[in-house]
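The values are calculated or read from the model by the stated rules, or taken from the named source; none is laboratory data. What you see is a predicted model, and the numbers here were worked out from it, not measured in a lab. All Cβ positions, even for glycine, are placed from backbone atoms using ideal geometry, and neighbour counts span all protein chains on display.
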(Lines give C-alpha, C1' and ligand atoms only; values in the text may rest on other atoms or scores of the structure.)
Protein backbone atom coordinates (compact mmCIF):
# COMPACT_ATOMS: atom_id res chain seq x y z
CA UNK A 1 0.00 0.00 0.00
CA UNK A 2 1.45 3.35 -1.04
CA UNK A 3 2.03 5.93 1.71
CA UNK A 4 0.23 9.26 1.25
CA UNK A 5 3.27 11.41 0.62
CA UNK A 6 4.64 8.99 -1.91
CA UNK A 7 1.30 9.27 -3.74
CA UNK A 8 1.42 13.07 -3.49
CA UNK A 9 5.00 13.22 -4.80
CA UNK A 10 4.03 11.10 -7.76
CA UNK A 11 1.32 13.58 -8.65
CA UNK A 12 3.68 16.50 -8.06
CA UNK A 13 6.15 14.95 -10.54
CA UNK A 14 3.51 13.88 -13.07
CA UNK A 15 1.89 17.28 -13.26
CA UNK A 16 4.43 18.82 -12.53
CA UNK A 17 3.12 21.26 -9.96
CA UNK A 18 3.37 22.41 -6.34
CA UNK A 19 0.02 24.18 -6.55
CA UNK A 20 -2.88 23.13 -4.32
CA UNK A 21 -6.26 24.51 -5.35
CA UNK A 22 -8.48 25.46 -2.41
CA UNK A 23 -12.17 24.72 -2.93
CA UNK A 24 -13.92 27.28 -0.71
CA UNK A 25 -17.46 27.77 -1.97
CA UNK A 26 -18.05 30.86 0.14
CA UNK A 27 -21.65 31.92 -0.14
CA UNK A 28 -20.65 35.36 -1.42
CA UNK A 29 -19.01 33.72 -4.46
CA UNK A 30 -22.05 31.69 -5.44
CA UNK A 31 -24.79 32.44 -7.95
CA UNK A 32 -27.32 31.62 -5.20
CA UNK A 33 -26.98 30.53 -1.55
CA UNK A 34 -27.57 26.81 -2.10
CA UNK A 35 -25.63 23.58 -1.81
CA UNK A 36 -26.24 23.01 -5.51
CA UNK A 37 -24.55 26.30 -6.35
CA UNK A 38 -21.64 25.37 -4.05
CA UNK A 39 -21.25 22.05 -5.87
CA UNK A 40 -21.44 23.66 -9.31
CA UNK A 41 -18.90 26.31 -8.28
CA UNK A 42 -16.45 23.61 -7.18
CA UNK A 43 -17.06 21.30 -10.14
CA UNK A 44 -16.33 24.05 -12.61
CA UNK A 45 -13.22 25.08 -10.63
CA UNK A 46 -12.02 21.45 -10.61
CA UNK A 47 -12.60 21.05 -14.33
CA UNK A 48 -10.75 24.25 -15.18
CA UNK A 49 -7.75 23.75 -12.89
CA UNK A 50 -7.21 19.97 -12.65
CA UNK A 51 -4.35 19.88 -15.21
CA UNK A 52 -2.30 22.23 -12.98
CA UNK A 53 -3.31 20.93 -9.55
CA UNK A 54 -0.90 18.91 -7.43
CA UNK A 55 -3.82 18.57 -5.01
CA UNK A 56 -7.28 19.91 -4.23
CA UNK A 57 -8.27 21.17 -0.79
CA UNK A 58 -12.01 21.48 -0.12
CA UNK A 59 -12.78 23.31 3.12
CA UNK A 60 -15.44 21.46 5.12
CA UNK A 61 -16.87 24.63 6.70
CA UNK A 62 -18.30 25.99 3.46
CA UNK A 63 -20.12 22.72 2.80
CA UNK A 64 -21.22 22.16 6.41
CA UNK A 65 -22.74 25.63 6.10
CA UNK A 66 -25.43 24.13 3.87
CA UNK A 67 -26.30 21.29 6.24
CA UNK A 68 -27.16 17.82 4.90
CA UNK A 69 -27.22 19.02 1.25
CA UNK A 70 -23.80 20.58 1.79
CA UNK A 71 -22.37 17.24 2.91
CA UNK A 72 -23.79 15.59 -0.20
CA UNK A 73 -22.20 18.31 -2.30
CA UNK A 74 -18.82 17.77 -0.60
CA UNK A 75 -18.96 14.06 -1.35
CA UNK A 76 -19.93 14.78 -4.97
CA UNK A 77 -17.03 17.20 -5.37
CA UNK A 78 -14.51 14.67 -4.02
CA UNK A 79 -15.94 12.03 -6.32
CA UNK A 80 -15.77 14.39 -9.29
CA UNK A 81 -12.07 15.00 -8.58
CA UNK A 82 -11.59 11.23 -8.80
CA UNK A 83 -13.39 11.11 -12.14
CA UNK A 84 -11.44 14.06 -13.54
CA UNK A 85 -8.23 12.35 -12.35
CA UNK A 86 -9.21 9.14 -14.11
CA UNK A 87 -9.82 11.03 -17.34
CA UNK A 88 -6.35 12.57 -17.10
CA UNK A 89 -4.72 9.28 -16.08
CA UNK A 90 -3.13 10.78 -12.94
CA UNK A 91 -4.85 10.64 -9.57
CA UNK A 92 -5.06 14.02 -7.79
CA UNK A 93 -4.93 13.88 -3.97
CA UNK A 94 -7.80 15.47 -2.05
CA UNK A 95 -6.91 17.12 1.25
CA UNK A 96 -10.00 17.73 3.37
CA UNK A 97 -9.47 20.98 5.25
CA UNK A 98 -11.47 20.22 8.39
CA UNK A 99 -9.02 21.07 11.20
CA UNK A 100 -10.54 18.38 13.38
CA UNK A 101 -9.18 17.42 16.78
CA UNK A 102 -10.77 15.04 19.25
CA UNK A 103 -9.91 11.88 21.14
CA UNK A 104 -10.52 8.13 21.20
CA UNK A 105 -13.73 6.91 19.54
CA UNK A 106 -14.60 10.50 18.53
CA UNK A 107 -11.37 10.85 16.55
CA UNK A 108 -12.08 7.45 15.00
CA UNK A 109 -15.51 8.65 13.89
CA UNK A 110 -14.01 11.76 12.27
CA UNK A 111 -11.37 9.62 10.54
CA UNK A 112 -13.95 7.22 9.13
CA UNK A 113 -16.09 10.14 8.02
CA UNK A 114 -13.23 11.83 6.14
CA UNK A 115 -11.41 8.83 4.71
CA UNK A 116 -14.07 6.15 4.24
CA UNK A 117 -17.33 7.99 3.71
CA UNK A 118 -16.13 11.13 1.96
CA UNK A 119 -13.16 9.50 0.28
CA UNK A 120 -10.57 12.19 1.07
CA UNK A 121 -6.89 11.19 0.87
CA UNK A 122 -5.70 13.48 3.65
CA UNK A 123 -7.08 15.80 6.30
CA UNK A 124 -5.93 18.85 8.26
CA UNK A 125 -5.88 18.33 12.05
CA UNK A 126 -5.38 20.52 15.10
CA UNK A 127 -2.56 19.26 17.34
CA UNK A 128 -3.72 20.80 20.66
CA UNK A 129 -5.01 17.46 22.02
CA UNK A 130 -1.76 15.62 21.33
CA UNK A 131 -0.69 12.34 19.83
CA UNK A 132 -3.65 10.16 20.73
CA UNK A 133 -5.93 12.58 18.86
CA UNK A 134 -3.83 12.05 15.70
CA UNK A 135 -3.24 8.32 16.02
CA UNK A 136 -6.66 7.08 14.73
CA UNK A 137 -5.99 8.95 11.47
CA UNK A 138 -2.48 7.49 11.15
CA UNK A 139 -4.03 4.03 11.35
CA UNK A 140 -5.04 4.55 7.72
CA UNK A 141 -1.62 3.87 6.24
CA UNK A 142 -2.36 5.19 2.77
CA UNK A 143 -3.97 8.40 4.05
CA UNK A 144 -2.24 11.57 5.28
CA UNK A 145 -2.62 14.27 7.91
CA UNK A 146 -1.44 17.88 7.94
CA UNK A 147 -1.13 19.27 11.47
CA UNK A 148 -1.74 22.94 12.07
CA UNK A 149 1.65 24.35 13.01
CA UNK A 150 2.07 28.06 12.26
CA UNK A 151 -0.98 29.70 10.76
CA UNK A 152 -1.05 32.98 8.84
CA UNK A 153 -3.62 34.84 10.97
CA UNK A 154 -2.86 37.52 13.59
CA UNK A 155 -4.19 35.30 16.41
CA UNK A 156 -1.49 32.72 15.70
CA UNK A 157 0.65 34.66 18.17
CA UNK A 158 -1.73 33.94 21.08
CA UNK A 159 -0.54 30.34 21.46
CA UNK A 160 1.69 29.30 18.56
CA UNK A 161 4.38 31.94 19.12
CA UNK A 162 4.78 31.35 22.86
CA UNK A 163 8.17 30.10 23.93
CA UNK A 164 8.00 26.68 25.53
CA UNK A 165 10.53 25.66 28.15
CA UNK A 166 11.73 23.52 29.78
CA UNK A 167 11.26 20.87 27.15
CA UNK A 168 9.90 17.40 27.87
CA UNK A 169 12.31 14.66 28.90
CA UNK A 170 14.83 13.54 26.34
CA UNK A 171 14.71 16.71 24.27
CA UNK A 172 17.54 18.58 25.91
CA UNK A 173 17.48 22.17 27.05
CA UNK A 174 16.77 25.32 25.16
CA UNK A 175 13.73 27.36 24.39
CA UNK A 176 11.66 27.33 21.27
CA UNK A 177 8.30 28.53 20.02
CA UNK A 178 5.30 26.25 20.48
CA UNK A 179 4.92 25.95 16.71
CA UNK A 180 8.51 24.72 16.42
CA UNK A 181 7.74 22.15 19.08
CA UNK A 182 4.72 21.00 17.05
CA UNK A 183 6.98 20.72 13.99
CA UNK A 184 9.45 18.53 15.91
CA UNK A 185 6.66 16.33 17.24
CA UNK A 186 5.29 15.92 13.71
CA UNK A 187 8.73 14.99 12.41
CA UNK A 188 8.91 12.29 15.15
CA UNK A 189 5.38 11.07 14.49
CA UNK A 190 6.02 10.72 10.75
CA UNK A 191 7.10 7.09 10.86
CA UNK A 192 4.64 6.16 8.09
CA UNK A 193 5.38 8.95 5.58
CA UNK A 194 1.94 10.36 6.31
CA UNK A 195 2.38 13.46 8.53
CA UNK A 196 2.71 16.96 7.11
CA UNK A 197 2.28 20.48 8.50
CA UNK A 198 0.18 23.56 7.78
CA UNK A 199 2.56 26.54 7.74
CA UNK A 200 1.40 29.91 6.47
CA UNK A 201 3.34 31.37 3.53
CA UNK A 202 3.14 34.89 4.92
CA UNK A 203 6.00 34.61 7.44
CA UNK A 204 9.26 33.47 5.81
CA UNK A 205 11.13 33.47 9.13
CA UNK A 206 8.64 31.06 10.66
CA UNK A 207 8.85 28.88 7.55
CA UNK A 208 12.62 28.75 7.95
CA UNK A 209 12.33 27.73 11.58
CA UNK A 210 9.71 25.08 10.85
CA UNK A 211 11.84 23.70 8.02
CA UNK A 212 14.80 23.44 10.43
CA UNK A 213 12.63 21.57 12.95
CA UNK A 214 11.04 19.27 10.38
CA UNK A 215 13.50 18.83 7.52
CA UNK A 216 11.61 15.95 5.85
CA UNK A 217 7.97 16.97 6.04
CA UNK A 218 5.59 18.32 3.45
CA UNK A 219 4.09 21.73 4.21
CA UNK A 220 0.67 22.92 3.13
CA UNK A 221 1.12 26.67 2.86
CA UNK A 222 -1.74 29.09 2.40
CA UNK A 223 -1.30 32.85 2.26
CA UNK A 224 0.28 33.58 -1.13
CA UNK A 225 -1.91 35.99 -3.06
CA UNK A 226 -4.98 37.14 -1.15
CA UNK A 227 -3.17 37.29 2.20
CA UNK A 228 -0.13 39.00 0.71
CA UNK A 229 2.51 36.29 1.07
CA UNK A 230 5.51 36.66 -1.22
CA UNK A 231 6.04 33.56 -3.35
CA UNK A 232 9.81 33.72 -3.69
CA UNK A 233 10.49 34.25 0.03
CA UNK A 234 8.05 31.48 0.89
CA UNK A 235 9.63 28.95 -1.46
CA UNK A 236 13.17 29.95 -0.48
CA UNK A 237 12.32 29.47 3.21
CA UNK A 238 10.06 26.45 3.03
CA UNK A 239 11.15 24.10 0.24
CA UNK A 240 13.17 21.03 1.12
CA UNK A 241 16.62 20.55 -0.32
CA UNK A 242 15.13 18.36 -3.05
CA UNK A 243 13.01 21.30 -4.22
CA UNK A 244 9.82 19.66 -3.01
CA UNK A 245 8.04 19.49 0.36
CA UNK A 246 5.74 22.44 -0.12
CA UNK A 247 2.25 22.79 -1.51
CA UNK A 248 1.31 26.39 -2.20
CA UNK A 249 -2.42 26.62 -1.54
CA UNK A 250 -4.41 29.27 -3.34
CA UNK A 251 -8.19 29.62 -3.21
CA UNK A 252 -9.80 32.98 -3.90
CA UNK A 253 -7.25 34.55 -6.20
CA UNK A 254 -7.72 31.60 -8.57
CA UNK A 255 -11.48 31.18 -8.16
CA UNK A 256 -12.07 34.91 -8.67
CA UNK A 257 -9.40 35.55 -11.32
CA UNK A 258 -10.55 37.95 -14.03
CA UNK A 259 -8.84 35.84 -16.70
CA UNK A 260 -10.65 32.71 -15.45
CA UNK A 261 -9.46 30.07 -12.98
CA UNK A 262 -7.87 27.78 -15.58
CA UNK A 263 -5.54 30.44 -16.93
CA UNK A 264 -4.81 31.77 -13.43
CA UNK A 265 -3.91 28.29 -12.17
CA UNK A 266 -1.68 27.61 -15.20
CA UNK A 267 0.15 30.90 -14.71
CA UNK A 268 0.65 30.41 -10.98
CA UNK A 269 1.78 26.81 -11.47
CA UNK A 270 4.40 28.05 -13.96
CA UNK A 271 5.42 30.93 -11.73
CA UNK A 272 6.02 28.53 -8.82
CA UNK A 273 8.12 26.19 -10.97
CA UNK A 274 10.13 29.07 -12.47
CA UNK A 275 10.75 30.55 -9.03
CA UNK A 276 11.89 27.17 -7.78
CA UNK A 277 14.23 26.90 -10.76
CA UNK A 278 15.69 30.32 -10.03
CA UNK A 279 16.40 29.25 -6.45
CA UNK A 280 17.53 25.67 -6.91
CA UNK A 281 18.59 25.54 -10.53
CA UNK A 282 16.27 22.58 -11.02
CA UNK B 1 -30.65 39.75 24.89
CA UNK B 2 -29.58 37.29 27.59
CA UNK B 3 -25.93 36.23 27.65
CA UNK B 4 -25.30 32.50 27.31
CA UNK B 5 -24.01 31.87 30.81
CA UNK B 6 -26.88 33.77 32.36
CA UNK B 7 -29.23 31.46 30.41
CA UNK B 8 -27.26 28.40 31.56
CA UNK B 9 -27.30 29.50 35.21
CA UNK B 10 -31.04 29.95 35.05
CA UNK B 11 -31.42 26.37 33.88
CA UNK B 12 -28.93 25.17 36.52
CA UNK B 13 -31.05 26.84 39.22
CA UNK B 14 -34.41 25.78 37.77
CA UNK B 15 -33.49 22.14 37.51
CA UNK B 16 -31.46 22.20 39.81
CA UNK B 17 -28.52 20.35 38.30
CA UNK B 18 -24.88 20.57 37.26
CA UNK B 19 -25.16 17.52 35.04
CA UNK B 20 -24.56 17.75 31.30
CA UNK B 21 -25.74 14.75 29.31
CA UNK B 22 -23.46 13.84 26.42
CA UNK B 23 -25.25 12.63 23.29
CA UNK B 24 -22.69 10.37 21.60
CA UNK B 25 -24.51 7.96 19.31
CA UNK B 26 -21.48 5.75 18.81
CA UNK B 27 -22.21 3.14 16.19
CA UNK B 28 -21.47 0.31 18.65
CA UNK B 29 -24.34 1.53 20.88
CA UNK B 30 -26.93 1.55 18.12
CA UNK B 31 -29.46 -1.09 17.12
CA UNK B 32 -28.22 -0.72 13.53
CA UNK B 33 -25.54 1.45 11.89
CA UNK B 34 -27.84 4.13 10.51
CA UNK B 35 -28.54 7.80 11.07
CA UNK B 36 -32.10 6.89 12.00
CA UNK B 37 -30.85 4.64 14.80
CA UNK B 38 -28.52 7.44 15.97
CA UNK B 39 -31.46 9.84 16.09
CA UNK B 40 -33.70 7.37 17.92
CA UNK B 41 -30.91 6.61 20.42
CA UNK B 42 -30.54 10.32 21.21
CA UNK B 43 -34.25 11.09 21.28
CA UNK B 44 -34.89 8.37 23.81
CA UNK B 45 -31.91 9.52 25.89
CA UNK B 46 -33.19 13.11 25.81
CA UNK B 47 -36.69 12.07 26.84
CA UNK B 48 -35.44 9.96 29.74
CA UNK B 49 -32.89 12.42 31.12
CA UNK B 50 -34.27 15.91 30.34
CA UNK B 51 -35.66 16.52 33.85
CA UNK B 52 -32.15 16.15 35.31
CA UNK B 53 -30.11 17.82 32.57
CA UNK B 54 -28.56 21.25 33.08
CA UNK B 55 -27.49 20.94 29.44
CA UNK B 56 -27.18 18.49 26.55
CA UNK B 57 -23.97 18.02 24.59
CA UNK B 58 -24.31 16.26 21.23
CA UNK B 59 -20.94 15.36 19.70
CA UNK B 60 -20.83 16.32 16.01
CA UNK B 61 -18.45 13.48 15.06
CA UNK B 62 -20.96 10.71 15.67
CA UNK B 63 -23.52 12.42 13.45
CA UNK B 64 -21.03 13.49 10.77
CA UNK B 65 -20.12 9.79 10.65
CA UNK B 66 -23.44 9.15 8.90
CA UNK B 67 -22.96 11.85 6.26
CA UNK B 68 -25.93 13.97 5.10
CA UNK B 69 -28.47 11.83 7.01
CA UNK B 70 -26.37 12.25 10.14
CA UNK B 71 -26.55 16.03 9.83
CA UNK B 72 -30.32 15.85 9.51
CA UNK B 73 -30.42 13.64 12.60
CA UNK B 74 -28.30 16.14 14.56
CA UNK B 75 -30.65 18.96 13.64
CA UNK B 76 -33.65 16.82 14.62
CA UNK B 77 -32.09 16.01 17.99
CA UNK B 78 -31.39 19.66 18.77
CA UNK B 79 -34.93 20.54 17.77
CA UNK B 80 -36.33 17.73 19.94
CA UNK B 81 -34.44 19.11 22.94
CA UNK B 82 -36.19 22.42 22.33
CA UNK B 83 -39.57 20.70 22.21
CA UNK B 84 -38.87 18.69 25.36
CA UNK B 85 -37.77 21.93 27.04
CA UNK B 86 -41.00 23.65 26.03
CA UNK B 87 -43.03 20.79 27.49
CA UNK B 88 -41.15 21.17 30.78
CA UNK B 89 -41.32 24.96 30.74
CA UNK B 90 -37.55 25.39 31.16
CA UNK B 91 -35.24 25.74 28.18
CA UNK B 92 -32.25 23.36 28.23
CA UNK B 93 -29.06 24.68 26.62
CA UNK B 94 -27.50 22.64 23.83
CA UNK B 95 -23.71 22.66 23.63
CA UNK B 96 -22.50 21.38 20.26
CA UNK B 97 -19.28 19.47 20.86
CA UNK B 98 -17.53 20.14 17.57
CA UNK B 99 -14.08 21.39 18.66
CA UNK B 100 -13.87 23.60 15.59
CA UNK B 101 -11.06 26.05 14.97
CA UNK B 102 -10.49 28.07 11.82
CA UNK B 103 -10.08 31.67 10.76
CA UNK B 104 -11.90 34.55 9.10
CA UNK B 105 -14.74 33.62 6.75
CA UNK B 106 -14.23 29.93 7.52
CA UNK B 107 -14.83 30.50 11.22
CA UNK B 108 -17.89 32.57 10.29
CA UNK B 109 -19.24 29.66 8.23
CA UNK B 110 -18.77 27.26 11.17
CA UNK B 111 -20.48 29.71 13.51
CA UNK B 112 -23.47 30.13 11.22
CA UNK B 113 -23.70 26.39 10.78
CA UNK B 114 -23.73 25.69 14.53
CA UNK B 115 -25.78 28.61 15.79
CA UNK B 116 -28.13 29.51 12.94
CA UNK B 117 -28.66 26.33 10.97
CA UNK B 118 -28.38 23.71 13.69
CA UNK B 119 -29.72 25.93 16.46
CA UNK B 120 -27.12 25.07 19.12
CA UNK B 121 -26.72 27.52 22.02
CA UNK B 122 -23.00 26.98 22.51
CA UNK B 123 -20.07 25.20 20.85
CA UNK B 124 -16.72 23.77 21.89
CA UNK B 125 -13.74 25.37 20.11
CA UNK B 126 -10.02 24.68 19.86
CA UNK B 127 -7.90 27.70 20.87
CA UNK B 128 -4.72 26.87 18.90
CA UNK B 129 -5.45 29.49 16.21
CA UNK B 130 -5.96 32.31 18.71
CA UNK B 131 -8.44 35.09 19.28
CA UNK B 132 -9.47 35.85 15.73
CA UNK B 133 -10.61 32.21 15.35
CA UNK B 134 -12.93 32.66 18.36
CA UNK B 135 -14.20 36.15 17.58
CA UNK B 136 -16.79 35.27 14.90
CA UNK B 137 -18.52 33.01 17.45
CA UNK B 138 -18.48 35.72 20.13
CA UNK B 139 -20.30 37.97 17.69
CA UNK B 140 -23.43 35.99 18.59
CA UNK B 141 -24.05 37.67 21.93
CA UNK B 142 -26.58 35.17 23.23
CA UNK B 143 -24.48 32.14 22.27
CA UNK B 144 -21.54 30.64 24.14
CA UNK B 145 -18.18 29.00 23.48
CA UNK B 146 -16.18 26.51 25.54
CA UNK B 147 -12.49 26.56 24.67
CA UNK B 148 -10.46 23.38 24.99
CA UNK B 149 -8.11 24.04 27.88
CA UNK B 150 -6.91 20.89 29.68
CA UNK B 151 -8.28 17.67 28.26
CA UNK B 152 -8.44 14.31 30.03
CA UNK B 153 -6.51 12.22 27.47
CA UNK B 154 -2.86 11.11 27.78
CA UNK B 155 -1.85 13.21 24.74
CA UNK B 156 -2.88 16.39 26.56
CA UNK B 157 0.70 16.51 27.88
CA UNK B 158 2.16 16.89 24.37
CA UNK B 159 1.19 20.56 24.12
CA UNK B 160 -1.13 21.57 26.96
CA UNK B 161 1.29 20.76 29.79
CA UNK B 162 4.28 22.55 28.30
CA UNK B 163 5.58 25.47 30.32
CA UNK B 164 5.34 28.73 28.43
CA UNK B 165 7.74 31.56 29.09
CA UNK B 166 8.47 34.41 28.71
CA UNK B 167 4.90 35.60 28.64
CA UNK B 168 3.55 38.11 26.13
CA UNK B 169 3.81 41.82 26.88
CA UNK B 170 1.81 43.09 29.80
CA UNK B 171 1.49 39.75 31.55
CA UNK B 172 4.54 40.00 33.77
CA UNK B 173 7.14 37.33 34.25
CA UNK B 174 6.84 33.80 35.53
CA UNK B 175 6.28 30.44 33.95
CA UNK B 176 3.04 28.58 33.60
CA UNK B 177 1.59 25.67 31.68
CA UNK B 178 0.11 26.35 28.25
CA UNK B 179 -3.32 25.29 29.50
CA UNK B 180 -3.15 27.87 32.29
CA UNK B 181 -2.26 30.48 29.70
CA UNK B 182 -5.34 29.45 27.69
CA UNK B 183 -7.43 29.79 30.86
CA UNK B 184 -6.12 33.32 31.45
CA UNK B 185 -6.77 34.30 27.85
CA UNK B 186 -10.33 32.96 28.12
CA UNK B 187 -10.89 34.91 31.32
CA UNK B 188 -9.76 38.08 29.46
CA UNK B 189 -11.86 37.30 26.39
CA UNK B 190 -15.00 36.76 28.47
CA UNK B 191 -16.25 40.31 28.24
CA UNK B 192 -19.70 39.16 27.12
CA UNK B 193 -20.36 36.39 29.68
CA UNK B 194 -20.04 33.87 26.86
CA UNK B 195 -16.63 32.15 27.19
CA UNK B 196 -16.14 28.92 29.15
CA UNK B 197 -13.49 26.19 29.23
CA UNK B 198 -13.28 22.44 28.69
CA UNK B 199 -11.30 21.02 31.62
CA UNK B 200 -11.17 17.27 32.23
CA UNK B 201 -12.45 16.05 35.59
CA UNK B 202 -9.72 13.43 35.87
CA UNK B 203 -6.94 15.72 37.11
CA UNK B 204 -7.91 17.69 40.23
CA UNK B 205 -4.58 19.52 40.36
CA UNK B 206 -5.08 20.86 36.85
CA UNK B 207 -8.66 21.86 37.74
CA UNK B 208 -7.33 23.81 40.73
CA UNK B 209 -4.79 25.61 38.56
CA UNK B 210 -7.35 26.43 35.88
CA UNK B 211 -9.78 27.70 38.50
CA UNK B 212 -7.05 29.98 39.87
CA UNK B 213 -6.35 31.33 36.39
CA UNK B 214 -10.03 31.76 35.47
CA UNK B 215 -11.97 32.39 38.66
CA UNK B 216 -15.20 33.45 36.93
CA UNK B 217 -15.59 30.99 34.08
CA UNK B 218 -17.83 27.98 33.61
CA UNK B 219 -16.04 24.67 33.02
CA UNK B 220 -17.37 21.80 30.96
CA UNK B 221 -15.77 18.78 32.61
CA UNK B 222 -15.85 15.30 31.11
CA UNK B 223 -14.13 12.31 32.67
CA UNK B 224 -16.23 11.41 35.72
CA UNK B 225 -17.36 7.79 35.45
CA UNK B 226 -16.08 6.00 32.34
CA UNK B 227 -12.68 7.73 32.46
CA UNK B 228 -12.31 7.22 36.20
CA UNK B 229 -12.49 10.80 37.46
CA UNK B 230 -13.46 11.14 41.11
CA UNK B 231 -16.52 13.34 41.55
CA UNK B 232 -15.69 14.83 44.92
CA UNK B 233 -12.12 15.81 44.05
CA UNK B 234 -13.33 17.27 40.77
CA UNK B 235 -16.04 19.41 42.39
CA UNK B 236 -13.76 20.48 45.24
CA UNK B 237 -11.09 21.61 42.76
CA UNK B 238 -13.26 23.05 40.04
CA UNK B 239 -16.36 24.68 41.47
CA UNK B 240 -16.46 28.44 41.88
CA UNK B 241 -16.95 29.97 45.30
CA UNK B 242 -20.67 30.30 44.55
CA UNK B 243 -20.92 26.52 44.15
CA UNK B 244 -21.52 26.82 40.41
CA UNK B 245 -19.22 27.20 37.41
CA UNK B 246 -18.92 23.53 36.54
CA UNK B 247 -20.91 21.22 34.30
CA UNK B 248 -20.12 17.56 34.89
CA UNK B 249 -20.49 15.88 31.52
CA UNK B 250 -21.36 12.20 31.41
CA UNK B 251 -22.14 10.24 28.28
CA UNK B 252 -21.66 6.50 28.21
CA UNK B 253 -22.19 5.63 31.85
CA UNK B 254 -25.66 7.16 31.61
CA UNK B 255 -26.54 5.95 28.12
CA UNK B 256 -25.44 2.41 28.94
CA UNK B 257 -26.65 2.27 32.57
CA UNK B 258 -28.16 -1.10 33.52
CA UNK B 259 -30.93 0.64 35.48
CA UNK B 260 -31.78 2.81 32.47
CA UNK B 261 -30.57 6.32 31.60
CA UNK B 262 -33.37 8.17 33.41
CA UNK B 263 -32.64 6.60 36.77
CA UNK B 264 -28.88 6.84 36.26
CA UNK B 265 -29.16 10.57 35.44
CA UNK B 266 -31.40 11.23 38.44
CA UNK B 267 -28.97 9.45 40.75
CA UNK B 268 -25.92 11.22 39.41
CA UNK B 269 -27.64 14.60 39.50
CA UNK B 270 -28.47 14.00 43.17
CA UNK B 271 -24.99 12.73 43.93
CA UNK B 272 -23.46 15.88 42.44
CA UNK B 273 -25.76 18.16 44.46
CA UNK B 274 -25.14 16.20 47.68
CA UNK B 275 -21.40 16.29 47.14
CA UNK B 276 -21.55 20.02 46.54
CA UNK B 277 -23.55 20.40 49.75
CA UNK B 278 -20.98 18.40 51.69
CA UNK B 279 -18.23 20.71 50.41
CA UNK B 280 -19.94 24.09 50.47
CA UNK B 281 -22.76 23.57 52.94
CA UNK B 282 -25.17 24.87 50.30
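Residue-level check: of (1) more than 12 Å from chain B (Cβ to nearest Cβ); (2) without any contact (Cβ under 8 Å) to a residue 24 or more places away in the chain, residue A:91 misses just (2). If you go through the range A:131-155 and keep only what is outside any strand (DSSP E or B), within 7 Å of chain B (Cβ to nearest Cβ) and in contact with a strand residue (DSSP E or B) (Cβ under 6 Å, 6 or more places away or on another chain), you end up with nothing.
Checking each residue in the range A:47-60 for being assigned to a helix (DSSP H, G or I) and within 14 Å of chain B (Cβ to nearest Cβ) picks out only A:60. Looking at B:76, B:40, just one residue is assigned to a helix (DSSP H, G or I) and within 21 Å of residue A:72 (Cα to Cα), and that residue is B:76.
Exactly one residue among B:167, B:178 is modelled with pLDDT under 95 and within 13 Å of another protein chain (Cβ to nearest Cβ), and that residue is B:167.
Quick check on residue B:25: is it at pLDDT 95 or above, under 19 Å from residue B:74 (Cβ atoms) and buried (at least 23 other Cβ atoms within 10 Å of the Cβ)? Considered against the rule, which asks whether it is at pLDDT 95 or above, under 19 Å from residue B:74 (Cβ atoms) and buried (at least 23 other Cβ atoms within 10 Å of the Cβ), residue B:25 comes out as yes. The residue of the range B:106-126 that is surrounded by the most Cβ atoms within 10 Å (Cβ to Cβ), among those that are more than 7 Å from chain A (Cβ to nearest Cβ) and in a helix (DSSP H, G or I), is B:114.
Yes/no per residue for (1) without any contact (Cβ under 8 Å) to a residue 40 or more places away in the chain; (2) within 16 Å of residue A:12 (Cα to Cα); (3) out of contact with any helix residue (DSSP H, G or I) (no Cβ under 9 Å at 6 or more places or on another chain); (4) assigned to a strand (DSSP E or B):
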position	(1), (2), (3), (4)
A:232	no, no, no, no
A:240	yes, yes, no, no
A:249	no, yes, yes, yes
A:262	no, no, no, no
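Residue A:208: within 27 Å of residue A:143 (Cα to Cα), over 17 Å from the mean Cα position of the chain (by Cα) and either surrounded by 21 or more Cβ atoms within 10 Å (Cβ to Cβ) or free of Cβ contacts under 8 Å to residues at least 24 places away in the same chain (or both), yes or no? It is false that residue A:208 is within 27 Å of residue A:143 (Cα to Cα), over 17 Å from the mean Cα position of the chain (by Cα) and either surrounded by 21 or more Cβ atoms within 10 Å (Cβ to Cβ) or free of Cβ contacts under 8 Å to residues at least 24 places away in the same chain (or both). For the range A:97-105, the count of residues that are facing chain B (nearest Cβ under 8 Å) and farther than 25 Å from residue A:61 by Cβ is zero. Before we move on, is residue A:223 at pLDDT 95 or above and in contact with a helix residue (DSSP H, G or I) (Cβ under 9 Å, 6 or more places away or on another chain)? Answer is no for this residue. Taking first residues from the range A:61-82 that are within 7 Å of chain B (Cβ to nearest Cβ) and farther than 21 Å from residue A:49 by Cβ and partners that are crowded, with 24+ Cβ neighbours inside 10 Å and at pLDDT 95 or above, the Cβ contacts under 6 Å between residues at least 6 apart in sequence or on separate chains come to A:64/A:70; A:64/B:113; A:65/B:109; A:65/B:113; A:67/B:71; A:68/B:71; A:71/B:71. Looking across B:202, B:191, one residue alone is crowded, with 21+ Cβ neighbours inside 10 Å and not in a helix (DSSP H, G or I). It is B:202. The set of residues in the range B:185-201 that are more than 10 Å from residue B:217 (Cα to Cα), touching a helix residue (DSSP H, G or I) at 6+ places or on another chain (Cβ under 8 Å) and within 12 Å of another protein chain (Cβ to nearest Cβ) comprises B:185, B:189, B:200.
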